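The values are calculated or read from the model by the stated rules, or taken from the named source; none is laboratory data. Computed from a predicted structure; not experimentally measured. Neighbour counts run over all protein chains shown; Cβ positions are idealised from the backbone, glycine included. The protein model used for the area step is the full one, side chains on, heavy atoms only, and it has no ligands, DNA or RNA in it. Shrake-Rupley method; radii C 1.70, N 1.55, O 1.52, S 1.80 Å.
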Amino acid sequence: MELRYLTAGESHGPGLTAIVEGLPANLELSTDDINRCLARRQEGYGRGGRMKIERDQVVFMSGVRWGKTLGSPITLSIQNRDWENWQKAMSSQAEDRQQGIAITHPRPGHADLSGVIKYRQDDARNILERSSARETAARVAVGALCATFLRSLGIEVLGYVTEIGGVCAEAQIDDYRERFERSEVSPCRTYCATAEQAMIDAIDKAKAAGDSLGGVVEVAVLGLPVGLGSHVHWDKRLDGRLAGALMSIQAFKGVEVGLGFEAARRPGSQVHDEIVQQGEQIRRRTNRAGGLEGGMTNGEPLVVRGAMKPIPTLYQPLQTIDLHTKEPFEAVVERSDVCAVPAAAIVAEAVVAIEVASAMLQKFGGDAMEEIRQNLNAYQQYVQNF
């Protein structure tokens, strides 16, 4: 079975839509669970004014009846509350064109300039509305569906922050669930109390300077079976699929699995995980590989990280040019965050959940949850007796 999805909508349009195909029938769903994930995305120290306007709520338009999936495509809708202020500026009607003010000063670090060239536009708003990170609300909703599916099979997806503006979480907490639980009550979504205050101070300093900060998020997946993904083709390798999903998040510029780049600095004896027998289970003595070997899960916790650059919309705008005159100008200032790294942890959690759910469906696929559980149980019995 193949899991696929599409999102649609602009940042200041009527709303966002997602269509998800491939989730089995009889999966119990709750709009409250999805709305909680959407609310988590809107939290975090350093968020901007948009979060005071929007209170994202999802509506099922298809594919769910009486709290259970039907096996047919699921359509999700999220209304943009700010739409009432943008109905003319973002109208689909040609006669409303004069109501909008064209943006002709593309912002450095955004899709603006490349987009207007590629799509032959004379207004950068036609690009920035879709390239905006507002789109991630739809992906978080899709990820929440997939996380519900995974939880029903005993799999947890946990996202949190390990670094903001060069301040690193240094608390020695090896238990990923404890990291997650601590981060859930942190304004910076980090598990390290000492780093948290330093992160807040760094964000405050950047805000006062009209600047912005990036950081690093980590996602751990617990309870995975051995053998998701495959070594046989490049596009079936789960590490490659996860890297692509994380790099598709707006402002993400790097991805690590396990030790990541640190593995390049160590000798092999300090990189590879020795295989041992623990009771009736085959395990790794360490988890430097981050739960992935040869493009497949190996039964250890899956651990991936993504690096987010500072948001490029600055209240002390950078230099740009006018699209028509080519004369120098300051970049336009759209409402923005100082730091969106805590929110990025939720988005990363969502895209990882989507890819892991897809891998689970490919290996244990069926048309209904009962069939998938039966397939998974039989495989787990085989692995236990290996």
Subject >> Search result, residues across region 182-199 that are open to solvent by less than 20 Å² (accessible area, probe 1.4 Å) and either in a loop (DSSP other than H, G, I, E, B) or farther than 23 Å from G223 by Cβ (or both) >> reply: S186, C188, R189, T190, Y191, C192, A195, M199
**OP:** Could you grab me the full set of residues in region 85-112 that are farther than 16 Å from R130 by Cβ and touching a strand residue (DSSP E or B) at 6+ places or on another chain (Cβ under 9 Å)?
**Re:** T104, H105, P108
**OP:** Output yes when any residue across region 358-365 is in a strand (DSSP E or B), open to solvent by 20 Å² or more (accessible area, probe 1.4 Å) and either within 30 Å of E28 (Cα to Cα) or modelled with pLDDT of 95 or more (or both), and no when none is.
**Re:** no
Subject >> Selection from region 200-242 of residues that are of a type in the set (A, V, I, L, M), touching a Leu at 6+ places or on another chain (Cβ under 6 Å), in a helix (DSSP H, G or I) and within 18 Å of V304 (Cβ to Cβ) >> reply: L238
**OP:** Please list, ordered by first then second residue, the pairs with beta carbon atoms under 6 Å, 6 or more apart or interchain, first in region 238-254 and in contact (Cβ under 8 Å) with a residue 12 or more places away in the chain and at negative phi, second part of a loop (DSSP other than H, G, I, E, B) and open to solvent by 40 Å² or more (accessible area, probe 1.4 Å).
**Re:** K253/K309
**OP:** Examine region 108-122 for a residue that is surrounded by 22 or more Cβ atoms within 10 Å (Cβ to Cβ), in contact with a Leu (Cβ under 7 Å, 6 or more places away or on another chain) and closer than 30 Å to K68 by Cβ, and state whether such a residue exists.
**Re:** no
Subject >> Residue ID - most open to solvent (accessible area, probe 1.4 Å), chosen from residues in region 146-181 that are within 27 Å of G46 (Cα to Cα) and part of a helix (DSSP H, G or I) >> reply: E181
**OP:** Just name the residue that is least open to solvent (accessible area, probe 1.4 Å) out of those in region 260-271 that are farther than 22 Å from G306 by Cα and of a type in the set (G, A, S).
**Re:** G268
Original post:
Does I127 meet the test of being among the hydrophobic types (A, V, I, L, M, F, W, C), open to solvent by 30 Å² or more (accessible area, probe 1.4 Å) and either touching a residue at least 12 places away in the same chain (Cβ under 8 Å) or touching a helix residue (DSSP H, G or I) at 6+ places or on another chain (Cβ under 8 Å) (or both)?
Top reply: no
**OP:** Please find, among E274, E280, E300, the residue that is buried (at least 21 other Cβ atoms within 10 Å of the Cβ) and among the acidic types (D, E).
**Re:** E300
Original post:
Of the residues in region 20-64, how many are closer than 19 Å to V142 by Cβ, at pLDDT below 95 and open to solvent by less than 20 Å² (accessible area, probe 1.4 Å)?
Top reply: 2
Original post:
Between a first residue in region 304-317 that is within 12 Å of I249 (Cβ to Cβ) and open to solvent by 30 Å² or more (accessible area, probe 1.4 Å) and a second residue that is hydrophobic (A, V, I, L, M, F, W, C) and modelled with pLDDT of 80 or more, which pairs have beta carbons less than 8 Å apart while being 6 or more apart in sequence or on different chains?
Top reply: A307/V216; A307/F252; A307/V255; K309/A251; K309/F252
**OP:** Mind counting the residues in region 366-386 that are surrounded by 16 or more Cβ atoms within 10 Å (Cβ to Cβ) and modelled with pLDDT under 95?
**Re:** 1
Original post:
Tally time: how many residues in region 77-107 are open to solvent by 90 Å² or more (accessible area, probe 1.4 Å) and hydrophobic (A, V, I, L, M, F, W, C)?
Top reply: 1
